[in-house]
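Read-outs: derived from the displayed coordinates by stated rules, not from any lab. Bear in mind the structure is a predicted one, so any value in this text is a computation, not a measurement. In this analysis, Cβ positions are derived from the backbone assuming ideal geometry, glycine residues included, and neighbour counts consider all displayed protein chains.
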Amino acid sequence: MKQERWYVRHYAWIGLAALWVIGFIGAISRFIMASYQVQMSADLHVSRGFISVAWSTNLFIAALCAPVGGRLVDRYGPKKVMLIATLLSISGTGFVYMGHNPIFFFIGYGLLSGLAGLGASTAYVLLFSWFGRHKAKAAGILSSASSVGLAVCTPLFLSNRNLTWEYAFLASAFLGLVLTVPLILFIIRQPEKGGVVNSKSDSIDTPIEDHNQSIPSNRRPFNYPLLIVAFALFTCGINMGTVEMNLVAIHQQAEVTSGMIAFSMGILGAMEIIGSLGFGILMDVMNKRLAMTLLYGIRVLSFMILLLHTSWSPIVFAITFGLTYLGAVPGGMLIANEFSNKKGRLIGNLMLFHQDGGILGALVGGIAYEAFDNYQILIGIDAVLCVIAAVGYLILKQHHSIRKGELYHVA
């Protein structure tokens, strides 16, 4: 009986550990596409453009599925939707491994794995229902899973030539089947309807009072805070598209040596993990809107440094941008969480903005280079959008302070 009470009291952290393992396994497919494009192109006898089209199709379908999945989460609960998304992902990666031809590859990765985007909102909905005062810290820990996954997978696969991209897809499907599915079925709890977590114990409890209810209906804030968060996430998506698809090319165009590029990318990966945990802790102890203002302010500085193309730009950019790499999405979701009771729908719609930004960021890089023979315009766009996002969060912070004053006088 005592052991059962301990389990209930600490379930939020147990559930977070399960979600972290699920995210870690999910990073394998991202790693495959980032590292094996040349080998996949040669083995399947297709152009690299075909691989890129499959990647873009995956992102596009995932983006469209995010709001649909959010609505399903609100209706059926995050656990069921997460299980369906996982089975679609396993089917997609397994389809690629068994087929070994361009059609199977496109259907498996481009279509089936893209449909797994139905589960994009599930982890956040679960965290928001499990945690009270540690929401930001938990979101930061969870966001580190993909980076740690990449850090583990990269040396494991690339150091052994016998471990090909086919085996990587097989590993993704196998681990999903033997680990992810059992974790969802036996560890992940469906949150109680309307229930959240007691901020003292971080265990499932009764709902925390919604302070917005204290504000008279004619004085409740308009949904422009959600528009600010949506724009910030769209900006983050463009930033991610720029960095993930074009950063190496940007350094190469600036005549940075291969050794320096590899070193800076290693630093970027390490700073991702440090930054996700650091901003998670920071947002738990200070105003979240101010923390997000700081995050986008650091990104402005990062892109200005990248724009200069000095000898120290790659390293400094890797440090500064890496600190913010994984903090923007959970931070935005935490703030948006305060403005809607339809958690799944809200997060799904916001993920659509982020995904669209990622697709656009990757495409604009190629277009900008073809038009101007450099990436300066792309970097400048990133910097300007980050300025707007930082100002938006600062305005939101001021609005929040005024609203708190109103609540104080109402009370």
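Points to keep in mind about this one:
- Cβ-Cβ distance of Leu308 and Gln190, R₀ of 41 Å, FRET efficiency by 1/(1 + (r/R0)^6): the value works out to about 0.20.
- Think of each Lys and Arg Cβ as +1 and each Asp and Glu Cβ as -1; about the Cα centre, that makes the dipole of the range 29-117 roughly 280 debye.
- Of the cross-linked pairs Lys80/Lys343; Lys80/Lys137; Lys79/Lys288; Lys79/Lys397, those separated by over 23 Å at the C-alpha level are Lys80/Lys137; Lys79/Lys288; Lys79/Lys397.
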